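The structure under discussion appears below in the form of structure tokens.
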Amino acid sequence: MDPHSSAQDVPRCDLCETAIVHSYCDFCHVNLCKPCVVDHISDGYDKHKIVPFNERRSTLIYPTCEIHPHKNCDFQCEDCGNIFVCSSCMASKQHKGHNFVEVTEVYKTKKEVIKKDTKDLENHIAPTYEEIALDLENQLASLDGGYEKITTTMSKQGEQWHREIDIVINKMKTEISEIKVKHRDILQKHLNEIKHIQSLIKETLQTIRKIEKSTEVSPTIDYSSKIREFSKLPPKIQVSLPTFSPKPIDREKLYSLFGQITPLSTATEENVLSLNQPKTSVRELMDEPELVATIQTGYENLRSVNCLNEDRIWTSGETNDIKCFNIKGSLVRTFKIKSEEKPNDVAVDSDGNLLYCDGTDGTVNKVKNKKTEELIRLPKWTPTQLCVTSTGDLLVTMFSDDETQSKVVRYLGSTEKQTLQFDDKGKPLYSGNDGMKYITENRNHDICVADYGADAVVVVNQDGKLRWRYTGHPSVTKNIPFKPYGITADSQSRILTADCNNHCIHILDQNGQFLHYIDKCDLKNPYGLCVDNNDNLFVCEFYKGNVKKIKYLK
């Protein structure tokens, strides 16, 4: 019998291999009974960490300082590229005045990323690839049957013809066979690619599961997520079978009149995987929304708010500083932009980096590790508002320097992917002026713009085709004409837009039908909006400078 277990599978000591385990060395990762604890630490090695067995693997293993080998690195220096430092390094001249972050905080954050990546791979990405592979396998399985039907039709037609056209029949069957080989090759090639990616996903899952169970800091912090790489799904292949169209017999035109074979038609359809928008249960609107928290930002004119995570938000007003607050209202960080003017808008990308647009020089910038990187420069256009989509693209609203045109441009990084400016009849989608055009992406991938200058919310689908416009809802209490300011969308595909002058929020369904007002919670001049992953609404009060967190779904 295995000495490490009994009939009840009771863990045994790794040293004596007989006694029931009592403790655990969190550094050496060995089970210990009471008597063996003394033997284990008798070597004088000061790294041993003895904990109760039920608290095993709870001690973090910090890297040893390269400069001071007798000390562990409990911090990272943000100003030196997040290198590990010990307390002696922090006190040295080399790091004087630098900013440090606790390794435990970075470790916890990365562990959450690993946990989320594991969930995304297991629950979303891997199953999606499985569906793609199954679809291709089904196409391959039905391939012979489809082609058999075609050849049967050809044979029946051929039986009606004289012997002299047999050579024509054989020639056309050969063409079909060649096309079939190409068809099979296309599907098999794509299936092989999918199978290869699936194997990579499986390897990645094995790797991050190992890291997830590990308590070693370095591998955890060095972990680099591949979620965005795997989220870029390959195009969906749908190869159409050729068709055969019999024709009346004409000896002079045997080949052309016998029938016609269409070439393979391979259609690709973009596959979109939205990891940030998992399937959710239906949540109804509350009859009376609840004010959860009020955060005082200190801005005299508060314009924009964007969720960094469940606990923190970025805010901007009409000064050149962008402030980050936690949900308790404490100022966590302040970032000043290069310009002396205000940022037109702020956003957060899928990696948690701050984005802002600067109207003074026509740029969109990214702040990473406290350093500013120019992403986009727009000659003859001024960027106004930003939105990061569920697939990681960046939507930018902008107006021309002569203030006669406006458009929305989709970017992948710094590369322009799509421009939305005109409808199917060539008419402008958006008002041509320098008015605000806050933008959001709905769960169904519609692009929603609050066009202040047009007094309307303008919604197009992801291909840029106009779906609807919303110009307000008749009300006896909302007497000032509707002008939309901020806009956002929740997990239920509802759209929320700020009606600053009437001190309320309009809630619409995904087809532009009015559902409800949020006009309680003592709202005054609502401006910028955003929702977090739990559908909590954050509202900027322009003149008060407050951000209000509101619960409006049951």
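Assorted remarks:
- Under 26 Å from the Cα of residue 96 - lysines, other chains or at least 8 residues apart: 71, 323, 336, 338, 368, 370, 371
- Residues of the range 362-485: accessible area per residue with a 1.4 Å probe, Å²: 45 Å²
- Of the labelled figures (1) 133, 100, 64; (2) 72, 54, 47; (3) 100, 83, 49, only one reflects Cα extents along the principal axes in Å as derived from the coordinates, namely (3).
- Peptides ranked, highest mean first, by Cβ atoms within 10 Å: ranges 186-197, 412-423, 496-507: 496-507, 186-197, 412-423
- Using a probe radius of 1.4 angstrom, the carbon and sulfur fraction of the accessible surface of the range 19-142 is 52%.
- Note on residue 399: accessible area approximately 30 square angstrom, rounded to 10, probe 1.4 Å, nucleic acids and ligands left out.
- Length available on full extension from residue 262 to residue 20: 0.36 nm per residue minus the Cα-Cα distance, which gives 79.6 nm.
- ³J(HN,Hα), Karplus 6.51/-1.76/1.60, whole Hz, each residue of the range 114-119, x for Gly, Pro: 5, 4, 5, 4, 4, 5
- Charge-dipole axis of the chain as Lys and Arg at +1 and Asp and Glu at -1 on Cβ define it, positive-most pick from 316, 225, 168: 168
- Between amide H atoms placed 1.01 Å from N, distances below 5 Å from residue 71 occur with 65, all of them 5 or more places distant or on a separate chain.
- Simple point charges give the picture: +1 on the Cβ of Lys and Arg, -1 on the Cβ of Asp and Glu, and for the range 471-522 a dipole about the Cα centre of about 100 debye.
- Under 12 Å, Cα to Cα: Lys pairs in the range 464-554, sequence gap 8 or more or different chains: 4
- Taking every Cα-Cα distance in the range 358-432 and sorting them into 5 Å bins starting at zero, the pair-distance distribution P(r) comes out as 3, 15, 25, 25, 18, 9, 3, 1, 1, 0 percent.
- The string of couplings for the range 344-353 from the Karplus curve (6.51, -1.76, 1.60, θ = phi - 60°) is 5, 6, 10, 8, 10, 7, 5, 9, x, 7 Hz, one whole number per residue in order, with x for Gly and Pro.
- Based on Cα contacts under 8 Å between residues 6+ apart, the chain shows a relative contact order of 9 percent.
- Mean accessible surface per residue for the range 162-204, computed with a 1.4 Å probe while every protein chain stays in place, in Å²: 65 Å²
- Leading residue at positive end of dipole, the chain (Cβ point charges), from 103, 187, 15: 187
- Which of 93, 554, 116, 407 is most accessible, then next, and so on - probe 1.4 Å: 93, 554, 116, 407
- The range 313-327 versus the range 494-513: alpha-carbon centroid distance in Å: 24 Å
- Listed residue (545, 329, 365) projecting farthest to the positive dipole end of the chain, Cβ model: 365
- Computed [θ] at 222 nm, deg cm²/dmol, the chain (DSSP H ≥ 4; -39,500 (n - 2.57); rounded to nearest 500): -7500 deg cm²/dmol
- Accessible-area value, residue 340, 1.4 Å probe, nucleic acids and ligands omitted, Å²: 150 Å²
- Rolling a 1.4 angstrom probe over the range 430-525 with all protein chains present gives an accessible area of which 43% lies on carbon and sulfur atoms.
- For the range 289-306, putting each phi into the Karplus relation 6.51 cos²θ - 1.76 cosθ + 1.60 with θ = phi - 60° gives couplings of x, 10, 7, 8, 7, 10, 10, 8, 8, x, 6, 7, 10, 8, 10, 10, 9, 8 Hz, in residue order, rounded to whole numbers and with x for Gly and Pro.
- Taking amide H positions as modeled 1.01 Å from N, with prolines and chain starts lacking one, the residues under 5 Å from residue 516 and 5 or more places away or on another chain are 507.
- Straight-distance candidates among the lysines for linking to residue 156, with alpha-carbon spacing under 26 Å and chain neighbours fewer than 8 residues away dropped: 171, 173, 180, 182, 247, 253.
- Amide proton proximity set for residue 375, modelled H, under 5 Å, gap of 5+: 364, 365, 366
- Fraction of accessible area attributable to carbon and sulfur, the range 281-332 (%, probe 1.4 Å): 42 percent
- Residue-normalised accessible area of the range 1-135, given per residue in Å² at a 1.4 Å probe: 61 Å²
- Charge dipole (debye, nearest 20) of the range 96-140; +1 at Cβ of Lys and Arg, -1 at Cβ of Asp and Glu: 560 debye
- For the chain, a simple Cβ point-charge model (Lys and Arg +1, Asp and Glu -1, everything else neutral) yields a dipole of about 240 debye relative to the Cα centre.
The values are calculated or read from the model by the stated rules, or taken from the named source; none is laboratory data. Given the structure is predicted, the values throughout are model-derived calculations rather than measurements. Positions of Cβ are generated from backbone atoms using ideal geometry, with glycine treated the same way; all protein chains shown enter the neighbour counts. All accessible areas refer to the heavy atoms of the entire protein, side chains included, with ligands and DNA or RNA removed. Shrake-Rupley method; radii C 1.70, N 1.55, O 1.52, S 1.80 Å.
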